[in-house]
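The values are calculated or read from the model by the stated rules, or taken from the named source; none is laboratory data. Being a predicted model, the structure only gives us computed values, none of them experimental. Every residue, glycine as well, gets a Cβ built from its backbone with ideal geometry; the counts of neighbours run over all protein chains shown. For the accessible areas, the whole protein counts, side chains as well, though only heavy atoms, and no ligand, DNA or RNA atoms are used. Shrake-Rupley method; radii C 1.70, N 1.55, O 1.52, S 1.80 Å.
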Amino acid sequence: MTHHSDDCGCQEYRELSRRGFVTATGLQVAALAMPAGVPAWLPKVQYAASANSSRDVLVSIFMRGGADGLTLVAPFGDPAYYLGRPSIAVPRPDSSSAVRGTALDNFFMLPPGMKALYPAYLANQLLVVHATGQKATNSRSHFEAERYLEAGKPADYSIATGWLARHLMTSTPAAANAPLRGISLSWGGTRLTLTGAPKTLPIPDPANYRHLAPDATVLDRLYATGWAPVRDSAKDALRTVALLQGIGFSRYAPANGAVYPDTDFGRGLRSLAAIIKADSGVEAAHMDIGGWDTHANQGPTNGQMHDLMSDFAGSLGAFWADVCQGAASHNVTVVAVSEFGRNVRENGSQGTDHGRASVAFFMGQGIAGGRVLSQWPGLDRAVLEDGQDLKVTIDHRDLLAEVVKYRLGNPNVSTIFPNYVPVDRGVTTSGPSATVTVRQPQLQVKPRAASRR
């Protein structure tokens, strides 16, 4: 089994992982005891009139550890990129190197490890957003930055629910009788992104999710006279067991020749594809992929980060081909974010330390993809934040709010992202400011404009 979070990382991140497990476990126990529904502190929200199956299933991917956006989607058109990273930069697309990048336009490229996402990009269903992150905090602590991003509001420890959980709280079920609306496929319990969501369970291995009673009817009788919220949650859990056991994960055959990597991340997305195709009623899923805390021996083309990118891109590329393509495709939007990026300049260990802006990925049939969306601030030392980091020019919440509004059909953005007024950036094909700009690969480097979309 592959556990990327154990591969590398600073001391804070290792401590965070242990603390996160304990916290997540405790929260999960508490969640099971809480009535499902909208807590009293939430403001009045708007509900759809009935169950709505037309909206997308949302797949949330968290790249834990502070993923280096300057490697994931490298800005080969900025000369300062090569000056700051003399030993770990990805070779230009027009170089003769065997590990050269693949141009997305005349400025950005994918390294070899990310090539599996190129077909989705060419099909205009993958959008890369660069120089994105959390504008309201410059924390370089994994603990703080992850929490702020997952909560949907920075520096507010009174919030105990995640942004995606609040979407489920403030929307009617897509399928009225579904026992499971949200699923967390990460080990260690439900992550904050989905904490507090109704009808949501942590199930890292859906193929082996079961109860230990000799017969489900024993549990059914046990909870029959219990407190209603606990009784209903128990019944939903039993129905979820039956639902997942009926899917037949071992027999599942991905469509369109998709081949998932034999890793935790790849197997998790394969299981999720089977769940979505079974019309289970699941509306939101969350997964982690760790190991991005590359302080030493980063290896962007033939080392640890290359291997991690190959897993990330290979798994998502297979999921796109399997679920989003062909006559039997499903309405799914995938979002992948990280808590922060890395320093522009490499350190003395051929790695990179905690930085600020990174990249985010949005994938699906309703995404205005085939381009890199960026207000590029530049990599010259004079324009870097604190003289070392890529500035955040687009806040994560702008991007996520668009998905919530236009792909999930939920107008309650002010509840999901409290005290924030998002700006439409044209992430989806259905938003009012959506514009689709397809840039075919070009190898000529042109002078950079101050702003780009």
How long is the gain from Thr225 to Asp205 if the chain were fully straight, where each residue apart is worth 0.36 nm and the alpha carbon distance is subtracted? 4.2 nm
Which of the peptides 374-383, 137-146 is most tightly packed, and how do the rest follow, going by the mean number of other Cβ atoms within 10 Å of each residue? 137-146, 374-383
About the Cα centre, charge dipole magnitude for region 190-265 (Lys/Arg +1, Asp/Glu -1 at Cβ), debye: 220
Spherically averaged projected area of region 202-310 from its Cα convex hull (nm²): 10.0
Over region 339-400, give the accessible area per residue in Å² for a 1.4 Å probe, as an integer. 26
If you build the Cα gyration tensor of region 77-159 and take the root of 5 times each eigenvalue, what three semi-axes come out, in whole angstrom, biggest first? 32, 18, 11
3J(HN,Hα) from dihedral phi, region 393-407, Karplus parametrisation 6.51/-1.76/1.60, rounded to Hz, x for glycine, proline: 10, 10, 6, 3, 5, 4, 6, 5, 5, 4, 4, 4, 6, 9, 10
Modelled FRET efficiency - R0 51 Å, Ser95 with Ser141, Cβ distances, 0.05 increments: 0.85
Once you place label points 7 Å from the Cα toward the Cβ at Tyr252 and Cys10, how far apart are they in nm? 3.6
For region 59-176, the dipole about the Cα centre with charges only on Cβ (Lys and Arg +1, Asp and Glu -1), to the nearest 20 debye, works out at 80
Surface accessible to a 1.4 Å probe, per residue, for the residues of region 184-267, Å²: 52
Given Lys235/Lys277; Lys199/Lys405; Lys135/Lys277; Lys115/Lys135; Lys153/Lys391; Lys135/Lys199, which pairs have Cα atoms separated by over 27 Å? Lys135/Lys277; Lys115/Lys135; Lys135/Lys199
On the accessible surface of region 312-417, probed at 1.4 Å with all protein chains in place, carbon and sulfur together account for a percent value of 44
Ranked output for segments 355-367, 268-280, 120-132 by mean other Cβ atoms within 10 Å, highest leading, reads 355-367, 120-132, 268-280
Residues in region 108-135, backbone N under 12 Å from the label point at Thr102 (7 Å along the Cα-to-beta-carbon vector): list them, ranges by number please. 109-123
